[in-house]
Amino acid sequence: MTQETVEKVVIFFAGDSGDGIQLTGSQFTNTAALYGNDLSTFPDFPAEIRAPQGTLAGVSGFQLSFGSTEIFTPGDECDVLVVMNVAALKANIKRLKKGGAIIVNTDGFDKRNLRLAGYDDGENPLSDNSLSDYRVSEMNVTKLTRECLVDITLGIKEKDRCKNMFVLGFVYWMYNRTLNHTIDFLTQKFKSKPEVLEANIKVLKAGYNFADTCEISSSRFEVKPAKMSAGTYRNIMGNQATAMGLIAASQQSGLELFYGTYPITPASDILHELAKHKNFGVKSFQAEDEIAAVSAAIGASFGGSLGVTATSGPGVALKGEAIGLAFMLELPLVIVNVQRGGPSTGLPTKTEQADLLQAMYGRNGEAPIPVVSASTPSDCFEASLEACRIAIEHMTPVFFLSDGYIANGAEPWMFPQSKDLKEIKVPMTTKTEDYLPYKRDEKLVREWAIPGMAGLEHRLGGLEKENETGNVSYDSDNHEFMVKTRAEKVERIADFIPLQGIDSGADKGKVLVLAWGSTYGAVKTAVKELLIEGYSVSHAHLRYINPLPKNLSQLLNGFDSVLIPEINDGQLIKIIRDKYLIDAIPFNKIKGTPFEAREIKNRIIELHDGK
Amino acid sequence: MENKGYTAKDFSSDQEVRWCPGCGDYSILKQVQSIMPEIGVDKEDIVFISGIGCSSRFPYYMNTFGMHSIHGRATAIASGLKAARPDLSVWIITGDGDSLSIGGNHLIHLLRRNFDTNILLFNNQIYGLTKGQYSPTSEKGKKTKSTPMGSIDHPFNPLALCMGADATFIARTMDRDPKHMREMLKRSNDHKGSSLLEIYQNCNVFNDGAFFGMTDKETKMNQTLFLEDGQPLLFGENKSKGIKLDGFKPVVVSMEDTSADDLWIHDEKDRVKAGLLTRFFDDEMPRPFGVFYLEDRMLYEEALVGQIEEAKNLKGQGNLDELLKGSNTWSID
C-alpha cells in the first residue's frame with residue numbers, strides 16, 4: 001500500500017436517484033470541511049424524484065473538489081468516480097481524467113442494469129477493456145452490506161438503503177478521514193430508530209475496514225488542511241446563505257420578515273430553511289401560486305414588513321405584473337430568482353444565467369428595478385442582505401439573482417459577526433399629519449407610512465399618480481415627470497453601492513474578464529493560473545447590475561479587450577454594450593452546466609494572443 | 001359596538017367619486033361609510049384593498065388606508081397584509097370579474113385559509129370598466145359586445161362556489177336595499193374569519209335591470225326570500241308562501257294550508273341546509289338574501305402567530321450569531 005500526499009482531489013459520486021448519493025456527497029463534504037480543507041461542491045440530479053431505476057435518466061451525481069490549496073470550483077476533471085451502477089458509469093465516465101480511479105459497485109452491473117443502461121447482451125464495460133485507462137476497484141456493495149447486517153432484523157430493502165454508507169466508509173479510508181462526523185450525523189438523524197442507526201454505522205465502518213484490509217485499494221491519499229485566512233469557518237450552501245441573508249436583513253432593519261413563495265426548483269430550499277426559523281419571527285407563507293406569493297409579500301410590505309418572494313424563472317414570469325405594482329407603489333420587496341435552465345419549464349435541475357434580461361426588462365411600461373447577484377454559495381448571504389438593504393432604504397422592489405449551481409453548491413465560509421453587519425435604515429416617516437405619500441428626499445426616496453399611523457391615512461394604487469400627493473392623475477406632463485423620477489431614483493442607488501473593484505490582476509492591461517453571478521469560481525481559477533503564467537489578464541466580478549457601479553466605464557477603458565463569459569446566450573453583454581458602447585466579446589455556454597475553468601482559460605489565451 | 005365619535009363623513013376622502021351617475025356602487029359606498037363609525041375600530045387601523053374594475057376604485061373614496069392593486073389579486077394582497085398585521089381591519093373590494101374570473105384562485109384559497117377579512121363582492125354580472133363584455137356570472141345566452149350570438153358560458157353560482165371553498169361566512173344583499181345592506185355589512189364585520197358578502201349591484205350602463213325582478217315593487221315579494229336565523233322560510237305577498245323540505249328537496253308551499261311549524265327553519269350554522277340555499281339559483285325558487293352560513297374556525301393569522309410563539313418558547317428568541325455559526329465550525333489560526 002502506498003500513501004501519497006496530494007494538493008487537490010475531485011470526486012464524483014454517482015448512482016440512482018434513490019441511492020442516497022446527495023447524502024453521501026454532503027457527508028464527505030462536511031467531513032472535509034471540518035478537517036480544514038477548502039472545497040466546492042456541485043450536486044447534479046435529475047428532475048424526477050425517483051426516475052426509472054438503473055437508467056441514464058435516473059442518475060444522480062455529486063461533485064466535490066477539496067484540497068490543501070484554495071478551491072474556487074467543484075473542479076473540471078474528476079480524479080475519482082464512485083459509481084453505484086453501470087448507468088452512473090456510462091453517464092459520467094467522460095468526467096474522469098485518464099488514469100483516474102473508479103470505485104464500482106459490481107452489483108449494479110448485473111444483466112438487468114446493463115440492459116437498462118443500453119448495453120447489448122454480453123456487453124459489460126467491466127470486462128471489455130474499455131476501462132483500461134483507469135484504475136478500477138470493484139466490490140459488490142450490496143452483498144457486502146447485507147453480509148455485514150446478517151444479525152440485524154431489518155428487512156432487505158432497509159438493509160440495502162445502507163449501501164451508500166459502505167461506499168462512504170470506503171472513500172473515508174482512501175482519504176484518511178475519521179468517521180466521527182458522519183456517526184454524529186447519523187445518531188442525530190436516526191435517534192428514534194436505533195436499529196437503522198446501528199445498521200448505518202455498522203455498514204459505514206465495514207466499508208472503511210474493507211478498504212483497509214482488502215487488496216483492491218492499493219493507495220491511500222493525504223490531503224492536508226488548506227492554508228486559509230485565520231478565522232472560524234462553517235460549511236454553507238447557497239440557498240441556506242440566502243435564507244440567512246434575509247433573516248439578517250430583518251434583524252438589521254427591525255422589520256418583520258414575510259416570505260411568500262410557491263414551491264419551485266431550485267428555490268424551495270430557501271423556504272425549507274426559513275420555515276425552520278420561526279423563532280426569528282419569520283412568517284413563511286406557502287401561497288396557492290406564484291402570483292399570490294408575490295402579492296402576499298406586497299401586502300405584507302404595505303403593512304410594514306419586509307416582503308420577500310422567491311422563485312425561479314417561470315415564477316418570475318408569472319409575478320411580473322405584481323412586481324410592476326410594487327415598483328409603482330414604491331414599497332420594499334425582494335424578488336429572489338434562483339435561476340435554472342429555460343425557456344419555459346426548461347431544465348429545472350440544471351443551472352443557467354438566462355434570466356438577467358427578464359429581471360432587467362421583464363415588465364410592462366418603464367419599470368427599472370435594481371438587480372443584485374451572488375457569485376458563490378457563501379456570497380448569497382451578503383448579496384441577499386444587500387438586496388434587502390436597497391429595497392428598504394430606497395423603497396423599491398429589488399431582484400436578487402442566484403442560480404441552481406451556487407444555490408445547491410457548498411463551500412467553507414468565514415461567517416460574519418452580527419455586529420459587523422451594516423444597519424439598515426428604514427425611511428419610516430416621523431410625521432403625524434400633512435403626510436404626502438410621494439414627497440421625496442434627496443435620494444428621491446419617498447417616506448413610508450403604514451396602517452396604524454393615525455392621521456397618515458392614504459391610498460396607493462397602480463394607476464399613475466400625481467407627484468407628491470399620489471392621487472390618480474392622467475396628466476401627460478405629470479406622467480412623463482413621474483416616469484423619469486422613478487427611473488432617476490433607481491439610478492441614484494449607484495451613489496449608495498461600492499465602486500467596482502478588480503478581483504484578480506492589474507487595473508489596466510490586455511484582457512479584462514467581466515463576469516457576474518456563479519461564473520465567479522471558474523473565472524477566478526482561470527485568471528489566477530494565467531497571471532502566474534504571465535498573461536496580462538484581470539477579473540472584475542459584478543454584484544450590482546442595476547444600477548452598475550459608477551466607475552465601471554473607467555475601469556473597462558483600462559483594457560484592450562473585455563471578455564464577458566456567461567451561462568446564457570449573451571445577456572450582460574447586451575447591457576454593457578448598450579450602456580458603454582464598447583466592443584465587448586461574448587463567451588457563452590448553454591449546456592445546463594457551469595463553466596469549467598479550463599474553458600475560460602483557453603478562451604482568454606485565444607483573445608490574449610489575438611485570435 | 002363602541003362609537004369612536006366618528007361620523008360617516010370622516011370616512012369620505014377628498015377625491016371626487018367618478019362612477020357613472022346612477023351606478024349601484026354609490027349606494028354601497030354610502031352604506032359602508034355609514035357603518036364605519038359603528039364597528040369600533042380606529043380609522044388608521046382600517047384598510048381597504050381592491051383589485052381592478054369599476055368597484056375597485058372604491059378605496060380611493062374611503063378616508064382610511066387603502067390600496068388599489070392589480071386585477072384579481074386583492075384577496076392575495078390582503079392575505080399577506082393580514083398575515084403580517086393581524087391587528088388591522090381588512091376589507092376587500094372586488095367584482096364578479098375580479099374575484100371570480102381572473103382572481104378566482106386567490107378567492108377560494110383565502111376562504112379556505114380563513115383570514116379574518118371582509119370581502120365585498122360587487123356582482124353586476126357584466127364587465128363594466130372594459131365597456132360591456134359578459135362576465136363569469138352573466139346568464140347563459142347573454143348578448144354582449146363579445147357574445148353577439150349569446151354567451152355559451154355556464155355561469156358561476158358565487159355563493160355555491162364559496163361554500164365549496166369552505167368559507168366560514170356567506171351572505172347576500174343588494175344595492176337597492178340599504179337597510180339590509182347595512183345589517184349585512186355589520187354582520188360581515190362581526191364575523192371572525194373570512195366573510196364573503198355578495199352584493200347584487202346594478203350596472204345601469206351595460207347591464208341595466210339585471211336584478212329587476214328582485215328589486216321591482218311588483219315582483220320582488222315573490223322573487224326574494226329574506227333569511228333570518230331561527231325563523232321559517234317565508235316569502236311572497238304578506239308572507240303567503242313558505243318553503244319546506246321534502247327530504248333534501250325544497251318545496252314551495254302555500255301558507256293557507258301549511259303550519260309555520262312544518263316549514264324549513266333557517267339555521268345559519270347548518271352547512272347542509274346552507275348548501276341547499278345557495279342552490280336557490282333559478283327561476284323556480286325565490287333568491288335568498290341574508291346570512292346563509294357561518295361557522296367558527298381557526299384563523300390563519302392566529303395559527304401563524306401561534307407557531308411563531310411556540311417556536312420562540314421551544315428554541316428561545318432567534319439569535320443571529322448562533323444562526324450564522326450553525327452547529328459545525330472549525331478554526332484556522
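Spin-label model, A:Leu581/B:Lys249: points 7 Å from Cα along the beta carbon direction are separated by 8.4 nm.
Extension gain for A:Asn176-A:His479 works out to 102.2 nm (0.36 nm per residue, less the C-alpha to C-alpha distance). Straight-line cross-link partners of A:Lys589 among the aspartates and glutamates, defined as a Cα under 12 Å from its Cα and at least 8 positions apart when in the same chain: A:Glu352, A:Glu566, A:Asp569, A:Glu599.
Computed from backbone phi, the HN-Hα couplings of the range A:61-68 come to x, 8, 9, 9, 10, 9, x, 9 Hz, rounded to whole numbers (Karplus: 6.51 cos²θ - 1.76 cosθ + 1.60, θ = phi - 60°; Gly and Pro given as x). Packing, as the average of other Cβ atoms within 10 Å across residues, places the peptides B:179-189, B:144-154, B:74-84 in the order B:74-84, B:179-189, B:144-154, highest first. Between A:Ile605 and A:Val6, the FRET efficiency estimated from the beta carbon spacing at R0 = 25 angstrom works out to 0.40. Phi angles of the range A:69-78 translate, via the Karplus equation with coefficients 6.51, -1.76, 1.60 and θ = phi - 60°, into HN-Hα couplings of 10, 5, 10, 10, 9, x, x, 8, 9, 9 Hz per residue; Gly and Pro are given as x. Around the amide H of A:Met453, modelled in the peptide plane, lies no amide H under 5 Å away from a residue 5 or more places distant or on another chain.
The ranking of A:Lys422, A:Lys159, A:Lys8 from fewest to most other beta carbons within 10 Å of each one's beta carbon is A:Lys422, A:Lys8, A:Lys159. Close Lys pairs in the range A:235-420, defined as Cα atoms under 29 Å apart and 8 or more places apart or on different chains, number 8.
Amide H contacts under 5 Å for B:Asn204: B:Gly24, restricted to partners 5 or more places along the chain or on a different chain, H placed in the peptide plane at 1.01 Å from N. Extending 7 Å from Cα along the Cβ direction at B:Ser12 and again at A:Ala454 yields two label points whose distance is 2.4 nm.
Phi angles of the range A:417-432 translate, via the Karplus equation with coefficients 6.51, -1.76, 1.60 and θ = phi - 60°, into HN-Hα couplings of 9, 4, 5, 8, 7, 5, 6, 10, 8, 8, x, 6, 5, 10, 5, 10 Hz per residue; Gly and Pro are given as x. Under a 5 Å amide H cut-off, with hydrogens placed 1.01 Å from N, B:Ser12 pairs with B:Asn63 among residues at least 5 apart or on other chains. A simple count of charges around B:Asp321, restricted to other residues whose Cβ falls under 14 Å of its Cβ and scoring Lys, Arg +1 and Asp, Glu -1, yields +1. Model label sites at B:Asn328 and A:Met428, defined 7 Å from Cα along the beta-carbon direction, differ in position by 4.0 nm. Taking K and R as +1 and D and E as -1, what net charge do the other residues with C-beta under 11 Å from the C-beta of A:Thr311 add up to? Charge balance in the 11 Å sphere: -1. The stretch between A:Arg115 and A:Val136 holds 5.4 nm of extra length on full extension. This uses 0.36 nm per residue minus the Cα-Cα distance. A prolate overall shape is assigned to chain B, the ratio a/c of its alpha-carbon gyration tensor axes (a ≥ b ≥ c) being 1.5 or greater and a/b exceeding b/c. For A:Lys98, the lysines whose Cα falls under 19 Å of its own Cα, not counting residues fewer than eight places away in the same chain, are A:Lys8, A:Lys90. When DSSP beta bridges are restricted to pairs lying wholly in the protein assembly as shown, around 35% turn out antiparallel.
In a fully extended conformation the segment linking B:Ile152 and B:Asp229 would gain 24.0 nm over its present Cα-Cα distance, using 0.36 nm per residue. May I ask which residue of A:Gly25, A:Gly505, A:Gly254 lies farthest towards the positive end of the charge dipole of chain A, with charges of +1 (Lys, Arg) and -1 (Asp, Glu) on Cβ and the Cα centre as origin? It is A:Gly25. This ranking places B:Phe211, B:Phe248, A:Phe12 by how few other beta-carbon atoms lie within 10 Å of each, fewest first, which gives B:Phe248, B:Phe211, A:Phe12.
Remark: A:Ile323, A:Ile21 ranked as A:Ile323, A:Ile21, counting other beta-carbon atoms within 10 Å and listing the fewest first.
Bear in mind these aren't lab numbers, they're just calculated from the coordinates by the rules spelled out. Bear in mind the structure is a predicted one, so any value in this text is a computation, not a measurement. Reconstructed Cβ throughout: ideal geometry from the backbone, glycine too, with neighbour counts over all protein chains shown.
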